[in-house]
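Contents: one structure, followed by commentary.
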Amino acid sequence: MKKRYLYLLLLPGLLFLTVFMIIPIFLTIGTTFINDNGFSIQGYLDFFKDRYFIEILLTTLKVSLFTTILCILLGFPAAYYISKLKQRKKAIMLLLTIFPLLTSPVVRSFSWMVIIGKNGVVNKLLMGIGLIDKPLDILYTPTAIIIGLVHLFLPLIIVTLVGVMENIETDLLKAAESLGASRLAVFSKVIIPLSVPGLVIGSILVFVGSFTAYTTPALLGGKQRVISTFLYQNAITLNEWQVASIVATIMIAVTVLIISIMNGLAKKLNPKG
């Protein structure tokens, strides 16, 4: 009776997800295999023969990968520091970490346009101290997109890692040190392996978010296409909904593949996790 009651509580949420997410996704995927001649995978074959699309896909993967790596490198030390603070200070630091998420991605992207543009703060500063003779072309490049995405998703990986790191017992670290392990050894042999679940979840959130992000690449990338802006161009500008559906399906497939790879890597790095 109790289980039946619990299932009834799940029913509204499951119905909502089924009607508004699962069914539309399957319908979108299904339309990509149908053309005038019936069932066909020709649309996918044409896509993967198209050099322009392959370049866009590779650029998107590269941008997402670099964003994820930078978020890990910047977020891991910050998360470790925050996790060791007292409760009051930790709450303040987490509030400051989350605060950028309350700002619209559009506002943040325009802020970066002011900072890294040809007449922006960075170029003026570098030219003022004599490091460069002419402005650097940072804006409307993959580098600009990566900068914007790191700013966008860094709080996610910090918060995820803090949640894992604050549960690492201090006694484990002291025990490792008492057995002769250096601080570097403790960090690499104890802290990092125990942080793998948080790293995996955070990396998935950052990678998938970067891979599917639209606003930041559209504003900071300019004519530099990524897969989300390519999808928007086909759906809204060119009204090619069949092509847009194929692109969306490829995005879903790549996302599922990356999540599977990261989960498999996590099991290898931390089999008991």
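The values are calculated or read from the model by the stated rules, or taken from the named source; none is laboratory data. All values reported here derive from a predicted model rather than from experimental measurement. No Cβ is skipped: glycine too gets one built from the backbone with ideal geometry, and neighbour counts run over all protein chains shown. Surface accessibility is based on the protein's heavy atoms, side chains included, excluding ligands, DNA and RNA. Shrake-Rupley method; radii C 1.70, N 1.55, O 1.52, S 1.80 Å.
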Legend entry - the chain: DSSP helices with Cα axial extent of at least 30 Å and average Kyte-Doolittle hydropathy no lower than -0.5: 51-83, 142-165, 241-269
Legend entry - Candidates Pro217, Pro197, Pro12, ranked by Gaussian network fluctuation over the chain, Cα under 10 Å, top entry: Pro12
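Grab the other residues whose beta carbon is less than 12 angstrom from that of Leu139, score K and R as +1, D and E as -1, and report the net. Write out the running numbers ahead of the final one.
Numbers: positive: Lys118, Lys223; negative: Asp137.
Combined, the nearby Lys, Arg, Asp and Glu give +1.
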Legend entry - Two-decimal Rg/Rh across the chain, once Rg and the Kirkwood Rh are taken from alpha-carbon atoms: 1.04
Inset, instruction - Taking a cut-off of 18 Å between Cα atoms, list the lysines near Lys223, but don't count ones fewer than 8 places away on the same chain. - result: Lys62, Lys118
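What does the net charge come to around Thr170 if you take all other residues with beta carbon closer than 11 Å to its beta carbon, with K and R at +1 and D and E at -1? Don't jump to the answer; show the numbers that get you there.
Details: positive: Lys84, Lys174; negative: Glu166, Glu169, Asp171, Glu177.
The answer is -2.
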Legend entry - Label point distance in nm, Asp133-Leu14, each placed 7 Å from Cα along Cα→Cβ: 7.0
Inset, instruction - Given the options Ala144, Ala91, Ala175, state which has the largest fluctuation in a GNM of the chain using a 10 Å cut-off (strictly under) for Cα springs. - result: Ala175
Inset, instruction - Normalising by the residue count of the chain, find the relative contact order in percent from Cα pairs under 8 Å and 6+ residues apart. - result: 25
Inset, instruction - Given the peptides 68-77, 19-28, 257-266, arrange them by the average over their residues of other C-beta atoms within 10 Å, most packed first. - result: 68-77, 257-266, 19-28
Legend entry - Long-range amide H partners of Asn35 with built H, under 5 Å: Ser40
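How big is D for the range 42-120, in µm² s⁻¹ as a whole number, if Stokes-Einstein is applied with the Kirkwood radius of its Cα pairs at 20 °C and 1.002 mPa s? Don't skip to the answer; put the middle values down first.
Values: Rh = 16.4 Å.
Estimated diffusion coefficient is 131 µm²/s.
Which order, highest average first, do 34-45, 184-195 follow once you tally other Cβ atoms within 10 Å for each residue and take the mean per peptide? Can you show the working numbers first?
On the way: 34-45: 10.6, 184-195: 15.6.
The most tightly packed comes first, giving 184-195, 34-45.
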Legend entry - Sequence-distant lysines (8 or more away, or on other chains) whose Cα lies within less than 23 Å of Lys267: Lys189
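In deg cm²/dmol and to the nearest 500, what is the mean residue ellipticity at 222 nm of the chain if only DSSP H runs of at least 4 residues count, each as -39500 (n - 2.57), divided by the residue total? Walk me through the intermediate numbers first.
Values: 14 runs with 194 residues, N = 273.
It lands at -23000 deg cm²/dmol.
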Inset, instruction - Express in Å², to the nearest 10, the accessible area of Leu126 obtained by rolling a 1.4 Å probe over the protein heavy atoms while all chains stay in place. - result: 40
